[in-house]
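Encoded as structure tokens, the structure appears first; notes follow it.
The values are calculated or read from the model by the stated rules, or taken from the named source; none is laboratory data. Here the structure is a predicted model, which is why all the values come from computation and not from measurement. No Cβ is skipped: glycine too gets one built from the backbone with ideal geometry, and neighbour counts run over all protein chains shown. Calculation scope for accessible area: heavy atoms of the full protein, side chains included, ligands and nucleic acids excluded. Shrake-Rupley method; radii C 1.70, N 1.55, O 1.52, S 1.80 Å.
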Amino acid sequence: QVQLVESGGGSVQAGDSLRLSCAASGRTFSTYSLGWFRQAPGKERLFVSGIFWSNGYTYYTRSVKGRFTISRDVASNTMYLEMTSLQPDDSAVYYCAARSPFGVYTSEKNYDYWGQGTQVTVSS
């Protein structure tokens, strides 16, 4: 059974940086895409960024490109989201998700496994 555990959320000021982590376990993830989604209060859960576990190929939603960087550490089965130049609109619960086989998927419906989420709050 795949388990995903996020950490690293918190409250920051606009312009600050934050790094989220997602510890993955329960599988060999070589055939998986892992991704980050976020959900603001009263809004739908939206794709942020994804990565192919096998070769590190990355993809982003337009609003975070150039500010956020997704990466993974295969040895520790951990995925990261480095977030810089944070803005109040980035405030949300951030979720880690996984699916197999890998591919560029940006809808939450395409992901089978989810973490519990970590809160990010950005104040102006």
Exercise. Which condition number does G56 fail, the rest of (1) assigned to a strand (DSSP E or B); (2) of a type in the set (G, A, S); (3) farther than 19 Å from S17 by Cβ being met?
Worked result: (1)
For this session: Among residues belonging to the range 61-78 that are under 20 Å from S30 (Cα atoms) and not β-branched (V, I, T), point out the one that is surrounded by the most Cβ atoms within 10 Å (Cβ to Cβ).
Result: R72
Problem set entry | Number of positions in the range 101-112 that are surrounded by 16 or more Cβ atoms within 10 Å (Cβ to Cβ) and farther than 10 Å from G35 by Cα | 1
For this session: Among the residues of the range 1-39, write down those that are surrounded by fewer than 21 Cβ atoms within 10 Å (Cβ to Cβ) and assigned to a helix (DSSP H, G or I).
Result: S30, T31
Seminar exercise, completed: The condition from (1) at negative phi; (2) modelled with pLDDT of 95 or more; (3) not hydroxyl-bearing (S, T, Y) that R27 misses is numbered (2)
Problem set entry | Any pair with Cβ under 6 angstrom, 6 or more apart, that starts in the range 51-71 at a residue that is over 13 Å from M83 (Cα atoms) and modelled with pLDDT of 95 or more and ends at one that is open to solvent by less than 20 Å² (accessible area, probe 1.4 Å) and among the aromatic types (F, W, Y) | W53/F29; W53/Y32
Exercise. Given the conditions (1) open to solvent by 50 Å² or more (accessible area, probe 1.4 Å); (2) over 14 Å from the mean Cα position of the chain (by Cα), which single one is not true for L86?
Worked result: (1)
